[in-house]
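Each remark here refers to the structure printed beneath this line.
The values are calculated or read from the model by the stated rules, or taken from the named source; none is laboratory data. Quantities reported herein were computed from a predicted structural model and do not represent experimental measurements. Virtual Cβ from ideal backbone geometry, glycine too; neighbours counted across all protein chains shown. Heads up: the accessible areas ignore ligands, DNA and RNA and are worked out on the full protein's heavy atoms, side chains in. Shrake-Rupley method; radii C 1.70, N 1.55, O 1.52, S 1.80 Å.
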Amino acid sequence: MRYAMVIDTLKCVGCSDCVVACQTENNVPHGYCRDWITEAVSGSYPSVELELRSDRCNHCDNAPCVRCCPTGASHIVEGGIVLVTGDECIGCGACIESCPYDARYQHPDGYVDKCTFCHHRLEKGQLPACVSVCPTKCMYFGDLDNPNSEVFQLLKNRKHKTLAPEAGTKPHVFYLI
Amino acid sequence: MISKDNYKYIYIRKLMKYMVTSRRKFIKISALGLGGLATTSAAFGLFKTNPLLDAAIKENVSKKLYRSATYCEVCFWKCAAWAYTDENNNIKKIIGNDDDPHCNGRLCPRGTGGVGMYSDEDRLKTPLIRTTVNGEQTYREASWDEALDLIASKFKDIKEEYGPESFALLKHGSPGSHLEHLFKAYGSDTIAEPAYAQCRGPRETGFGLTFGSWVGSPEPTDIRDTKCLVLIGSHLGENMHNSQVQEMSDAIDNGATIITVDPRFSTAASKSKHWLPIKPATDIALLLSWMHVLIEEDLYNKKYVEKYTKGFNELKAHVKTFTPEWAYGITTIKPEEIRKTARIMAAAAPSVIVHPGRHVTWYGDDSQRSRAIAMLNGLLGSWGNRGGFYFKEKISIPKYPHPDYPKPKWGWHDLGEQYPFAEMGITSEIIKATIPNEDNKHPIKAWMVAGTNLINTLPQREKTIEAINAVDFLVVIDTMPMEITGYADVVLPECTYLERYDGIRSATNRTPSIAVRVPAVKPKYDSKPAWWISQQIGKRIGLGDYFNYNDFEEVIEWQLNKLGTSLDEMKKIGVKHFDRKSGPLFLKEGQDYEFYTPSGKIEFYSQQLANKGFAPIPVYTAHPQPPQGFYRLNYGRSPMHTFSRTINNPNLSDLKSENMLWVNPKVARILGLKKHQEVWLKNQDDIVSTFSIKVRITERIRWDSVYLYHGFGHNNKKLSRAFGKGISDTELISKTVVDPLMGGTGLRGNFVSILTENPHKNSEL
Ligand code: SF4
Ligand code: SF4
Ligand code: SF4
């Protein structure tokens, strides 16, 4: 099993519902976030292009954050989900520095926090909070090892990209373009 | 090391800044060798089980949450939802009701962040009464009894001295309907809401005159099945009118063509196959020209036009000269683009929607522009066809018995009598009638304001304040301290939608449905629901018979029983669907259909308008363009906020805490503006913004306009998060052009210059 998220940038309107849903679902303190919106504008008026997308931890296969963690608090569990055990984290911030995507932040309680793909919801058979709330239904989640999954099919049939592939992190958040 | 700058990403969220700052707290670790590593994590042996985390997950899984049915009040879309509370009665989250056609289980960001409306520590907490201490006016906390007694005595005084009609109600949202009942029982229908004359009124007039039917809310647009969606200044996706945004996404999946007409490269424009970057204030020219192409090229829906419309020949003659070349000179849209887009619409017809928009009070000829949009839909045959407009239906909620309302001697209708097609109270006419004037036939002496922050809602702030200064008595009911509450004689703290029962939601949709709102938690502080406030005032002024219940719960229960359900059932399901009774959603091939117009047809030529001396077919009139050194002030919605009411919401302010001034790079170069530079705005009437705003240099805006999100720039210090954040567009809208048909105030004819020096420096010294 290999979990992956696929986000359709052609449909995302940048509303941030995914952000606020994550914050309420995961008790993320005000002023912090596990996911955020990126807006990229190119061209010049009136030939402008705009990409809106929801960004978060890419749950990389080759995760520098995990490799550099001195205590083992950052680790990978079944399905390729990268997690941080708060109690084991000493807040040294090595992982924050090492992540090419700026996906991690230091929680005011001292440990490092980030997107978990809503691991606790997956256990209940629910989708991650952001995916379940997105009004444009532009986010998809599933098992990339399963050829019948929506995510597998979307990646098979649609043009897509990952962020900063040159970092060699093998991200598992994909963007349809 | 990969930096975001390599990707030229602009971070629109301030949260990113927090992340960057927190990151700086740490000792820098030199960049790790990232490139070229292809080994998977499994090969590093990084997998492990984690007993601590597993326990945390288990706890989270087993945590019991209780859910209560509600419908969202963060905007007017009223999505049905479940509020989840834990065993300590904390609201944990709000999730859309899967069965609800307004949200389909997915709330918008504001609805998801609605818990902040409840948890906001700046909320109004007790009734307040204006008082003077040592010559200074201030508020003192009061008991409900004292505040209500005072209000009741004013209701009596006004009635005795001037008649009940002189007490006006200005309102918005759910609290409004409870207070409307009080006012009507008292004998006043001097009632208005900014949602009409400052927002969607003109489109109801324009569509009403053409199809004989209001657009209403939610709009009966069959977006999910459309082949072509045309948006004219309507920024779906930035306005999060939930199910519509959802359907626009479905339409994208289905390969529909989106055409967006907007001087700004809106989010919707970025999803569009065709974006027409129109010169502001010239839309009618484009609409007339589109009609010209459809008719001249014989592309209009002939069968439909023949069967259902009236006045086609007059329309044909009218648009004869409005060629795309003519429109090009006005709109700056190239003739071939106009032709091409008209042909795309025709090819998709009747599965095409030229969207009526929502906030349409722009230039003063808005009813006529809305009519042109309606007529274009008529030519394409989209009204009553799949992928166009469906025939909406709703359930009427049985009236809880009460004595008849007395008949007022005058009311909103008389105040707006010079606007023959006004169908609701006009706020600006209430203002006019409140400002003392000898010719004033119907002077207004007192106001109740509920759920609307008039100061940040109405244009011409000076007039609003003049009227406020003139009233004998002003009571404001709100959940939050707003600008308007600062002017009140008495302030009543309303509890939020999460803490109260309210009227049953029944709205027009594909199939009728109802939704209920029951309290998820008890009212916080000393706040009370609007139904209770109305009842308490009513009882004190001898109108107890109109409020014959102990709790509003009884009213809903009674109504639900009449509808064949019960409160118990509704608490479990939240939303209930009913069968359609009015016939099918769409016209059948060749079906006879009578429209609710005088002729029973779709009226291209409007005798009603001609009779009142107005253009029976819309004409284009030129509107002023900004003079040298000025830019058109355009404003719109941020998806995370609804008007000024949500800016202080802790969850939503976290998403967007201030607005920015969108400026084209060319303009920035000429004026020497830098990214995030602090500037002030001064409008054509020398009105200077109270606060400053940061510059956002972006190619998404024309060089003749600036743009900002509406609702920001609060100047009530009690709003700890919102105070002083950004600029209020409303305060710079001092010029309005009034729609002669229905009294709407065109708000988009204001021009601003950009000040780089603090204009308040001296006044602060
Ligand atoms: S909720 Fe969906 S549409 Fe909104 S910003 Fe997130 S991904 Fe985009
Ligand atoms: S995105 Fe960053 S935090 Fe997430 S797994 Fe990759 S390197 Fe680690
Ligand atoms: S659209 Fe959003 S704010 Fe409006 S009612 Fe629905 S969830 Fe609430």
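Please enumerate the residues belonging to the stretch B:80-89 that are open to solvent by 10 Å² or more (accessible area, probe 1.4 Å) and either closer than 20 Å to B:Ile573 by Cβ or of a type in the set (Lys, Arg) (or both). Result: B:Trp82, B:Tyr84. Looking at the stretch A:104-116, can you tell me whether even one residue there is within 29 Å of B:Thr698 (Cα to Cα), more than 7 Å from chain B (Cβ to nearest Cβ), crowded, with 23+ Cβ neighbours inside 10 Å and at pLDDT 95 or above? Yes, some residue in the stretch A:104-116 is within 29 Å of B:Thr698 (Cα to Cα), more than 7 Å from chain B (Cβ to nearest Cβ), crowded, with 23+ Cβ neighbours inside 10 Å and at pLDDT 95 or above.
Of the helices (runs of 4 or more DSSP H) that lie entirely inside the stretch B:193-294, those containing 3 or more residues that are of a type outside the set (A, V, I, L, M) and more than 10 Å from every other protein chain (Cβ to nearest Cβ) span B:201-211. Criterion first (more than 16 Å from ligand 2 (Cβ to nearest atom) and open to solvent by 10 Å² or more (accessible area, probe 1.4 Å)) does B:Pro263 satisfy it? Against the criterion (more than 16 Å from ligand 2 (Cβ to nearest atom) and open to solvent by 10 Å² or more (accessible area, probe 1.4 Å)), B:Pro263 qualifies. The set of residues in the stretch A:1-11 being more than 9 Å from every other protein chain (Cβ to nearest Cβ) and of a type outside the set (Lys, Arg) consists of A:Met1, A:Tyr3, A:Ala4, A:Met5, A:Val6, A:Ile7, A:Thr9. Comparison of A:Ser54, A:Ser42 shows that the only residue that is open to solvent by 10 Å² or more (accessible area, probe 1.4 Å) and in a strand (DSSP E or B) is A:Ser42. If you go through the stretch B:98-144 and pick out every residue that is assigned to a helix (DSSP H, G or I) and either within 16 Å of ligand 3 (Cβ to nearest atom) or polar (S, T, N, Q) (or both), you end up with 9.
Can we say B:Glu462 is within 28 Å of the chain's Cα centre (by Cα), open to solvent by 10 Å² or more (accessible area, probe 1.4 Å) and touching a residue at least 24 places away in the same chain (Cβ under 8 Å)? It is true that B:Glu462 is within 28 Å of the chain's Cα centre (by Cα), open to solvent by 10 Å² or more (accessible area, probe 1.4 Å) and touching a residue at least 24 places away in the same chain (Cβ under 8 Å). For the stretch A:133-148, the set of residues classified as within 16 Å of ligand 1 (Cβ to nearest atom) and surrounded by fewer than 20 Cβ atoms within 10 Å (Cβ to Cβ) consists of A:Lys137 only. How about the stretch A:116-141: which of its residues are part of a helix (DSSP H, G or I) and either at positive phi or among the small types (Gly, Ala, Ser) (or both)? Passing the criteria: A:Ala129, A:Ser132. Note on the stretch A:29-44: residues that are away from ligand 1 (no atom under 13 Å from the Cβ) and touching a helix residue (DSSP H, G or I) at 6+ places or on another chain (Cβ under 8 Å) amount to 5.
Annotation: B:Leu276 fulfils all but one of (1) closer than 25 Å to B:Lys320 by Cα; (2) open to solvent by 10 Å² or more (accessible area, probe 1.4 Å); the unmet one is (2). Here B:Asn301 meets each of (1) within 14 Å of another protein chain (Cβ to nearest Cβ); (2) surrounded by fewer than 24 Cβ atoms within 10 Å (Cβ to Cβ) with one exception, condition (1). Quick check on the stretch A:117-131: of everything there that is open to solvent by 40 Å² or more (accessible area, probe 1.4 Å) and not charged (D, E, K, R), which residue is farthest from ligand 3 (Cβ to nearest atom)? Ranking the candidates gives A:Gly125 first. Could you check how many residues of the stretch A:69-100 are part of a loop (DSSP other than H, G, I, E, B) and either over 24 Å from A:Ser54 (Cα atoms) or facing chain B (nearest Cβ under 8 Å) (or both)? Of the residues in that region, 12 qualify. Could you go through the stretch A:154-165 and let me know if any residue there is assigned to a strand (DSSP E or B) and surrounded by 15 or more Cβ atoms within 10 Å (Cβ to Cβ). Yes, that holds for at least one residue.
Restricting the stretch B:599-620 to residues that are open to solvent by 70 Å² or more (accessible area, probe 1.4 Å) and not in a loop (DSSP other than H, G, I, E, B), the residue that is farthest from B:Trp383 (Cα to Cα) is B:Asn611.
Yes/no per residue for (1) hydroxyl-bearing (Ser, Thr, Tyr); (2) surrounded by fewer than 19 Cβ atoms within 10 Å (Cβ to Cβ); (3) under 30 Å from B:Gly212 (Cα atoms):
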{"position": "B:Ala507", "(1), (2), (3)": "no, no, yes"}
{"position": "B:Asp545", "(1), (2), (3)": "no, yes, no"}
{"position": "B:Gly574", "(1), (2), (3)": "no, no, no"}
{"position": "B:Thr597", "(1), (2), (3)": "yes, no, yes"}
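Among residues that are part of a loop (DSSP other than H, G, I, E, B) and closer than 30 Å to B:Gly425 by Cα, B:Pro759 is not included. Note on the stretch A:1-30: among residues that are open to solvent by 10 Å² or more (accessible area, probe 1.4 Å) and charged (D, E, K, R), the one that is nearest to ligand 3 (Cβ to nearest atom) is A:Glu25. Only a single criterion out of (1) within 15 Å of ligand 1 (Cβ to nearest atom); (2) touching an Asp or Glu at 6+ places or on another chain (Cβ under 8 Å); (3) touching a residue at least 12 places away in the same chain (Cβ under 8 Å) is not satisfied by A:Leu50, namely (3).
Grab the strands (runs of 3 or more DSSP E) fully contained in the stretch B:621-728, keeping just those with 2 or more residues being open to solvent by 30 Å² or more (accessible area, probe 1.4 Å).
Counting at least 2 such residues, we get B:678-683, B:693-697.
In the stretch B:508-524, the qualifying residues are those that are in a strand (DSSP E or B) and polar (S, T, N, Q), and the one that is nearest to B:Leu560 (Cα to Cα) is B:Ser513. If you check B:Ala185, B:Ala168, B:Ala251, B:Ala195 for being aliphatic (A, V, I, L, M) and under 24 Å from B:Ile395 (Cβ atoms), only one passes: B:Ala195.
For the stretch B:62-85, the set of residues classified as at pLDDT 95 or above, farther than 24 Å from B:Thr511 by Cα and in a loop (DSSP other than H, G, I, E, B) is empty. Selection of the stretch A:24-61 for residues being within 7 Å of chain B (Cβ to nearest Cβ) and of a type in the set (S, T, N, Q) yields A:Thr24, A:Thr38, A:Ser44.
Name the single residue, out of those in the stretch A:6-39 being outside any strand (DSSP E or B) and among the charged types (D, E, K, R), that is nearest to A:His107 (Cα to Cα).
Among those residues, the one meeting the criterion is A:Arg34.
Which pairs turn up if I take residues in the stretch B:310-333 that are in contact (Cβ under 8 Å) with a residue 24 or more places away in the chain and look for partners that are charged (D, E, K, R) and assigned to a helix (DSSP H, G or I) with beta carbon separation below 7 Å, at least 6 apart in sequence or on another chain? Hits for this filter: B:Pro324/B:Arg339. Among the residues of this structure, B:Lys674 counts as one that is more than 10 Å from chain A (Cβ to nearest Cβ) and either without any contact (Cβ under 8 Å) to a residue 24 or more places away in the chain or more than 18 Å from B:Ile693 (Cα to Cα) (or both). I need the full set of residues from the stretch B:576-595 which are surrounded by 12 or more Cβ atoms within 10 Å (Cβ to Cβ), touching a strand residue (DSSP E or B) at 6+ places or on another chain (Cβ under 8 Å) and in a loop (DSSP other than H, G, I, E, B), in order please. Residues satisfying the conditions are B:Phe578, B:Arg580, B:Phe595.
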